[in-house]
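Read through the structure below, which is laid out as structure tokens, and then see the notes.
Bear in mind that the values in this text are calculations on the coordinates, not laboratory data. Note that the structure is a prediction, hence the values are computed from the model and not measured. For neighbour counting, all protein chains shown are included, and Cβ atoms are generated from backbone atoms with ideal geometry for every residue, glycine included.
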Amino acid sequence: MSSTAISLFVGSLAMVSAILVLFGLRRLAHGETPKQQLERLMASPHPAEQAELEQSFADRVLRPWLRRQMRAAGSLAPSHNIERMRTDLVRAGHPYNLGVLDFLGAKLLLALVVGVAVFYALSRSRGPAFQTIVLAVLATAIGFLAPDFWLGSRVRKRKGEIRRSLPDALDMLTICVDAGSGLDSGMLKISEKWQNAIATEFGKVVAEVRIGLSRREALQNLAWRTNVEEVGSFTAVLTQAEQYGLSIATVLHTQSEQMRIRRWQRAEEEARRVPIKLLFPLIFMIFPALLAVSIGPAIPIVVRTFSNLAR
């Protein structure tokens, strides 16, 4: 088999793999929740087996196959990365319902696809072999590390969302407690009415309490999952208030006021950073354009003047 045919085969394989990965991740993002699937099965006039066959080909075949491939590839990763990946996925809110092995498998598959694609593209250009291999290795490393940067950005984004919404959630929780509801009932009400990260975390706290964990353990898990300083201080104060028998309503009033003050201080801090952030775009982007517009038309005249004087 000629080298051209081999390159064509490898490129086609890389393209098909990339399409399957992207398609599978899209299906994972828009898949049915367990509640929706249960409602669909209960509403179907057919047995459960026939109801399963009513699903699309992607849901029945491609999605499970993609998960198996991702898990098989993820099992090849070093074991010391698994716990760190699990923690990051929890703190990112499990995007696209990815597990640890799913995420590691996606990293390995993306690295393989990107490396093979770059190698195929460079081999078609007939460049130096050493340069082609080096660039393909660099592309493979970038493809392997890119999901880590994406996951880190999701973690930071979720932390910021929790920080911004925590004061409003505490105000709502204070209103519920003042109205006569318990702390768990107030958290449950927030998780039912709101659609954000802090509401999801409050719902997890209530679920953990219902399955038998103490409120102290559930609050500690909340602080660990979010890894936000404000949430950690809030859970610590609630735990101490419950331990010493203090009024939860008084504690919530104090905490909500402190959280609003902290949010205002963070807003002022971000506002003070704006001039520094605008400095580099002004120097390297806006000022050169202004100089080109204002001084540019005069440059040919100055050049002609000096050339005439030199003569």
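Listed values for the range 143-158 are Karplus-derived 3J(HN,Hα) couplings in whole Hz (6.51 cos²θ - 1.76 cosθ + 1.60, θ = phi - 60°), namely x, 6, 8, 4, x, 5, 5, 4, 5, x, 5, 5, 5, 5, 5, 5, and x replaces Gly and Pro. Just so you know, the Cα atoms of the range 161-265 work out to an Rg and Dmax of 12.4, 39 Å. Checking the cross-link filter: which lysines have an alpha carbon closer than 18 Å to that of residue 189, excluding same-chain neighbours under 8 positions apart? Candidates past the 8-residue exclusion: 204. Packing order of peptides 214-221, 185-192, 259-266, highest average first: 185-192, 214-221, 259-266 (average count of other Cβ atoms within 10 Å over each peptide's residues).
Remark: 161, 201, 230 ranked as 161, 230, 201, counting other beta-carbon atoms within 10 Å and listing the fewest first. Per-residue packing, averaged as other Cβ atoms within 10 Å, sorts the ranges 164-171, 90-97, 292-299 into the order 164-171, 90-97, 292-299, beginning with the highest.
Sequence-ordered 3J(HN,Hα) estimates for the range 247-256 from the Karplus curve with 6.51, -1.76 and 1.60 and θ = phi - 60° stand at 6, 5, 5, 5, 5, 5, 4, 5, 5, 5 Hz, glycine and proline given as x. Measuring max minus min along each principal axis, the C-alpha atoms of the range 85-214 give extents of 76, 29, 18 Å (largest first).
When the Cα atoms of the range 223-279 are enclosed in a convex hull and the volume is divided per residue, what value in Å³ results? Don't skip to the end; give the middle numbers.
Working: hull volume 4.2 nm³, N = 57.
Spread over its residues, the Cα hull of the range 223-279 gives 74 Å³ apiece.
Shape descriptor for the range 204-311: Rg over Rh equals 1.54 (Cα atoms; Rh from the Kirkwood inverse mean 1/r).
Each residue of the range 300-307 was assigned a 3J(HN,Hα) from its phi angle through the Karplus expression (A = 6.51, B = -1.76, C = 1.60, θ = phi - 60°), giving x, 5, 5, 5, 5, 5, 5, 5 Hz with x at Gly and Pro. Ranking of 244, 120 by neighbouring Cβ atoms within 10 Å, starting from the fewest: 244, 120.
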